[in-house]
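Peer 1: Questions regarding the structure given below will be posed in turn.
The values are calculated or read from the model by the stated rules, or taken from the named source; none is laboratory data. Keep in mind that this is a model prediction, so the values were computed, not measured. Virtual Cβ from ideal backbone geometry, glycine too; neighbours counted across all protein chains shown. For the accessible areas, the whole protein counts, side chains as well, though only heavy atoms, and no ligand, DNA or RNA atoms are used. Shrake-Rupley method; radii C 1.70, N 1.55, O 1.52, S 1.80 Å.
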Amino acid sequence: MKYYNKKEETISLEALKNLQNYRLRKVVERCYNTIPYYKEVFDRVGLKPRHIKTTDDLIHVPFTEKKHLHSLYPFPLLGRKPQEIFRFCATTGTTGPPVLIGFTRKDWFVTLRNLMGRMLTMWGIGKGDIVYQAYGLGLWIGGPSKELGVDAVGATLFPAGPGRSSAAVEWLRDIPITVLLCSPTFAIHLINTAKSKGIDPSMDWKIRIIMFGGEKASTEIRRKIENELPEGCKSFVGYGLSETGGPPVANECIYSREEEDMHVFADHVFPEIINSETGERVAPGEQGELVLTTLTREASPMIRWRTRDITSWAERPLGCKCRRNAFPKIRPIVGRSDDMIKVRGTMFWPSQVEDILSKIDGLNLEGWQIFLDTPKDGMERVKVCAEATEIFWNREGMTEILKSKISSEISARLGQSVDVEICAPNSLPRYERKAVRLIRMKEGQQI
């Protein structure tokens, strides 16, 4: 078993708790004294830094949400003068103005580099690997942080970024690239593009590790992608978000990937899972919303950040063959609480629809979307649009069979009847970055 920093990664549970509490006290005191937002939050409920001695005391601190960051645009929770920041990253801005997240030199070159090095080492990436980095660059943290990690573990970087699919499939054939970092949607797109050019990814590429991030990767999708790549190729899933400093929040190791559990890097970020409605911490086994408190960030620290991502603790949250025994494991993210679809009392997520579609032959999984429309009568209606493959589209009667199968599977598994439309090949949007699967409508117009 390889470690980027064995002492940190194999810390005992008792030592981890002591470290968490020490770091929490420091960050709370600093936030109270340097960030007006946090001082106002604490004062409003009668708290002072001295009241937060352990992570158990966090339950008394109000949550921080996206609306609070938007109200503090352009520099929410910075804690430093803009001129003292090494670099900025930003969220996509899909639910309001982009949120700018600052990094000091220590945040970037020490903390983030260390965590990214840990993450890639967990997957077995290191010297001798050539890494194709297909995540976005610029203000988005996805690409730059991955490149920092590649440098940390001594691998060779191929910084392609997103897009250029036609060239990408040839580079993957002609260069001994062993690691691919991309979204599952882009992986499917690359595989389909390669086949259209007569390239067989399972024979002509050399990929042994593929890492998915940026969007949900269902079990079925992961296995389908692995089966299209060279024999023995393993996929890994990582979880992170811009607001808490990037990708290294929770990640699979070579053992936990079998159950798809992810270790939380809990010496740098403290996790809670709460009931979205009551705000109380949930019991083991219960689904809830992940809440994160950063413990080591100098710029843009977060105390009780509501991620809106839904998960639960793993069946055995502590302990692992990888010996990262103190780092608790969470289950895969099933969706976001604000992406939850609630129709006539039934709740489900786009990821559950993807699971169903991925098991039906004759569909092109690059192209599918859900439309949730609220007409004048107030009764929400759901329509699932899925692309047929060329063979099924051109075969008489097959689109009706596909439509019936999708409808019956969704009804049986989700307890919900939906409209289904089978679309022509390549007629739905393609996403080389994060895919948008849920489209909310109001009386037929996109919101």
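Peer 1: If the cut-off is 16 Å between C-alpha atoms, which lysines fall inside it for Lys224, apart from same-chain ones fewer than 8 positions away?
Peer 2: Correct list for Lys224: Lys195, Lys216, Lys234, Lys359.
Peer 1: Mind jotting down the distance between the C-alpha centroids of segment 241-263 and segment 160-208, whole Å?
Peer 2: Cα centroid of segment 160-208 versus Cα centroid of segment 241-263: 24 Å apart.
Peer 1: If R₀ is 35 angstrom, what is the calculated FRET efficiency for the pair Asn394 and Glu231, using the beta carbon separation as r and rounding to 0.05?
Peer 2: It comes out at approximately 0.65.
Peer 1: What is the percent carbon and sulfur in the accessible area of segment 68-125, measuring with a 1.4 Å probe over the protein chains and ignoring ligands?
Peer 2: Exposed carbon and sulfur together represent 56 percent of the surface.
Peer 1: Can you spot the aspartates and glutamates whose alpha carbon is less than 19 Å from Lys403's alpha carbon? Ignore those fewer than 8 places along the same chain.
Peer 2: Within the straight-line limit of under 19 Å, Lys403 reaches these aspartates and glutamates: Glu354, Asp355, Asp361, Glu366, Glu387, Glu390, Asp419, Glu421.
Peer 1: By per-residue mean of other Cβ atoms within 10 Å, what is the highest-first order of 4-15, 261-272, 29-40?
Peer 2: Result, highest mean first: 261-272, 29-40, 4-15.
Peer 1: How much mean residue ellipticity at 222 nm does the chain get from its helices, if each DSSP H run of length 4 or more adds -39500 (n - 2.57) and you divide by all residues, to the nearest 500 deg cm²/dmol?
Peer 2: My calculation for the chain gives -8500 deg cm²/dmol from helical runs alone.
Peer 1: Heavy atoms only, 1.4 Å probe, whole protein assembly: order Arg281, Arg395, Arg308, Arg324 by accessible area, highest first.
Peer 2: From most exposed to least exposed: Arg395, Arg281, Arg308, Arg324.
Peer 1: Could you rank Phe75, Phe42 by how accessible they are, 1.4 Å probe, largest area first?
Peer 2: Largest accessible area first, the list is Phe75, Phe42.
Peer 1: Still on this structure, please answer the following. List, in the order given, every pair from Lys17/Lys48; Lys342/Lys405; Lys26/Lys81; Lys17/Lys53 whose Cα-Cα distance in the structure shown is over 18 Å.
Peer 2: Correct reply: Lys17/Lys48; Lys342/Lys405; Lys26/Lys81.
Peer 1: Cross-link partners among aspartates and glutamates for Lys67, C-alpha distance below 18 Å, same-chain residues fewer than 8 apart left out?
Peer 2: Of all the aspartates and glutamates, those that pass the test against Lys67 - Cα under 18 Å, at least 8 places apart if same chain - are Glu40, Glu243, Glu277, Glu289, Asp309, Asp338, Asp339.
Peer 1: For segment 188-274, which whole percent of the accessible surface, found with a 1.4 angstrom probe, sits on carbon and sulfur atoms?
Peer 2: C and S atoms contribute 48 percent here.
Peer 1: Here is a follow-up. Counting only heavy atoms of the protein chains, get the accessible area per residue of the chain (1.4 Å probe) and round it to a whole Å² value.
Peer 2: In whole numbers, the chain has 44 Å² accessible per residue.
Peer 1: Students sometimes get this wrong: rank Lys146, Lys434 by accessible area, probe 1.4 Å, all chains present, largest first.
Peer 2: In descending accessible area the options line up as Lys434, Lys146.
Peer 1: Can I ask one more? For a protection proxy built on the mean count of beta-carbon atoms within 10 angstrom, sort 117-129, 399-411 highest first, please.
Peer 2: 117-129, 399-411
Peer 1: Alpha carbon centre of segment 277-338 versus segment 365-414: separation in Å?
Peer 2: 33 Å
Peer 1: Now a separate question. For the chain, compute Rg over Rh where Rg is the Cα radius of gyration and Rh is the Kirkwood radius from the inverse mean 1/r over Cα pairs.
Peer 2: Taking Rg over the Kirkwood Rh, I get 0.97.
Peer 1: OK, next. Tally Lys/Arg at +1 and Asp/Glu at -1 over every other residue whose Cβ is under 11 Å from the Cβ of Trp108; what's the total?
Peer 2: +3
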